[in-house]
1. Yes or no: the stretch 94-103 includes at least one residue that is within 30 Å of residue 176 (Cα to Cα), surrounded by 13 or more Cβ atoms within 10 Å (Cβ to Cβ) and at pLDDT below 95.
2. In the stretch 110-125, which residues are outside any strand (DSSP E or B) and surrounded by fewer than 14 Cβ atoms within 10 Å (Cβ to Cβ)?
3. Can you pull out the strands (runs of 3 or more DSSP E) entirely within the stretch 149-213 that have at least 2 residues that are under 30 Å from residue 52 (Cβ atoms) and open to solvent by less than 20 Å² (accessible area, probe 1.4 Å)?
4. Please list, ordered by first then second residue, the pairs with beta carbon atoms under 9 Å, 6 or more apart or interchain, first in the stretch 139-151 and in contact (Cβ under 8 Å) with a residue 60 or more places away in the chain and assigned by the TED database to the domain that holds residue 73, second part of a helix (DSSP H, G or I) and open to solvent by 30 Å² or more (accessible area, probe 1.4 Å).
5. Among 91, 61, 107, which is in the same structural domain as residue 160 (by the TED database), among the charged types (D, E, K, R), surrounded by fewer than 14 Cβ atoms within 10 Å (Cβ to Cβ) and at pLDDT below 95?
6. Within the stretch 64-75, work out how many residues are at pLDDT below 85 and open to solvent by less than 40 Å² (accessible area, probe 1.4 Å).
Amino acid sequence: MSQIHAKSPKHCANKQGFAVDKLKFNKKLFYTFSTFLLSLSALIFLVWLVLHPSKPQFSLKEADIYQLNLSGPHLLNSSIQATLLSNNPNKKVGIYYDILQVYASYKGQQITLDTSLPPFYQAHEESNLLSASLVGNGLPVAPSFGYEVGRDQSAGNLLLNLKANGRLRWRVGTWVSGRYRFNVNCIAIMPFGPSLPTGPLSTKQGTQCSITL
């Protein structure tokens, strides 16, 4: 004969009460954790509003063109040395430059490969000189490239764009933000008359660069 085991009403009530208590504890834990996260987010947002960082500033200190000639109908060889000055204008915010790449552009065409600079940290109101050797070998260019260079030579000036892009993070105390993409554009105007100079084409007039963030 089989036996039938039945739970007493008291036993079921105890089990249901334990489940209710556990549910209440989980809800309380969830509300506590949510309140903590909201408070932390509000604090970070408040700090961000109070110390809203200004964009970093870039200026072109020097640019020298050592080579800029066609090796084929539409293939370019280039060698350019550029020096940029990076400045952090913020009094209480530091900047981590995680990625920074520099290249040269002419008439909307990229004429050197991207050159990566080492990551660095820029403290409050600190400035750093950034030097980059930009090179391109056999880079394809538009058929009008030679014509554009000749026209600039007739005009007496060569206009070149030195560009940089990358990712940065802000630091306020011990808090560090997520990554932000930025782009820098510097304009270099070099004397380029009919009689070519013996040395490289160069400009040493510091020009302020535009930056988007």
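1. Within the stretch 94-103 (the criterion being within 30 Å of residue 176 (Cα to Cα), surrounded by 13 or more Cβ atoms within 10 Å (Cβ to Cβ) and at pLDDT below 95), the answer is yes, since at least one residue qualifies.
2. 114, 118, 119, 123, 124, 125
3. 156-172, 180-192
4. Taking only residues 6 or more apart or on different chains, the pairs are 142/148.
5. 91
6. 1
The values are calculated or read from the model by the stated rules, or taken from the named source; none is laboratory data. Keep in mind that what you see is a predicted model, and the values were worked out from it rather than measured. Note: ideal-geometry Cβ built from the backbone for every residue, glycine included; neighbour counts use all protein chains shown. The area values use the complete protein model at the heavy-atom level, side chains included, leaving out ligands, DNA and RNA. Shrake-Rupley method; radii C 1.70, N 1.55, O 1.52, S 1.80 Å.
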